[in-house]
1. Let me confirm something: among 102, 83, 72, which residue is in a loop (DSSP other than H, G, I, E, B), in contact (Cβ under 8 Å) with a residue 60 or more places away in the chain and exposed (fewer than 14 other Cβ atoms within 10 Å of the Cβ)?
2. Taking the residues in region 242-260 that are touching a strand residue (DSSP E or B) at 6+ places or on another chain (Cβ under 8 Å) and surrounded by 17 or more Cβ atoms within 10 Å (Cβ to Cβ) as candidates, determine which candidate is farthest from residue 208 (Cα to Cα).
3. Can you go through 147, 118, 137, 97 and tell me which one is buried (at least 17 other Cβ atoms within 10 Å of the Cβ), assigned to a loop (DSSP other than H, G, I, E, B) and either touching a strand residue (DSSP E or B) at 6+ places or on another chain (Cβ under 7 Å) or modelled with pLDDT under 90 (or both)?
4. Would you pick out the residues in region 214-241 that are surrounded by fewer than 19 Cβ atoms within 10 Å (Cβ to Cβ) and at pLDDT 90 or above?
5. Taking region 150-166 on its own, how many of its residues are outside any helix (DSSP H, G or I) and out of contact with any strand residue (DSSP E or B) (no Cβ under 8 Å at 6 or more places or on another chain)?
């Protein structure tokens, strides 16, 4: 099976957008300091999302006046505009361009970028030297587009154990612990072990692909199921692992926590947790991705309400 590099939704944004945004944010950090990056990114994103909303509003006015033939673009106004009849998206999703095919992942992409080592200010245990930070920036600048995309938004796949498992059940799991646990419950169900009954179904396996590490993780610390054995790893997953390692100019270290494993349970969980970008918090306002998006939507709603 040939590995598909475009896995995480963030990567569906054009590869060049990852690089262009990093250059934009990095140039600001050099000119105005690292602590300005968060506000700079938020202001840039607010401006972009506001333009996206106003563009949809102006296009809808033209369609109402001259008909749909006025534009080559198909506008699903219910997904793009507030208070539009038949809309199924929330106000927050509409304002964050979740109905725009090309821009819907821009908030997560921007959030992930400001959390990367090259742009995140020193704080607490995160205290890289100037040389280490410069090296991180140089590495990101020199990465191939697909490797850069996986650096800021790692590929996180959900597999089921067993020889007959030929592909991931979910190619891109949202990068938060809550979402991973929800996915396990949704795909496996809940199971409470008892002395007289043993779970015999397939077990969850998470495959993490990032430039810092490639990990096959049996989720033993996230669910109450039997331990996966080496023989339970799908051959297709091993093929994907090999393809992932060979896709980098310098292959990252590979770790496996299945059966006895090649890594301790604690280290595996820490590697896995490091990839959960949506659980990280911003430095200045200590906001998770969900809270950060809520603030963005509130600011955008205030701006749009004042224009009307």
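The values are calculated or read from the model by the stated rules, or taken from the named source; none is laboratory data. Since we're looking at a predicted model, the values are computed, not measured. Glycine also receives a Cβ, built like all others from the backbone with ideal geometry; neighbour counts cover every protein chain displayed.
1. 102
2. Going through the qualifying residues, I end up with 258.
3. 118
4. 235, 236, 238, 239
5. Initial filter on region 150-166 (outside any helix (DSSP H, G or I)): 153-166.
Still in the running and out of contact with any strand residue (DSSP E or B) (no Cβ under 8 Å at 6 or more places or on another chain): 153, 162-164, 166.
The qualifying residues number 5.
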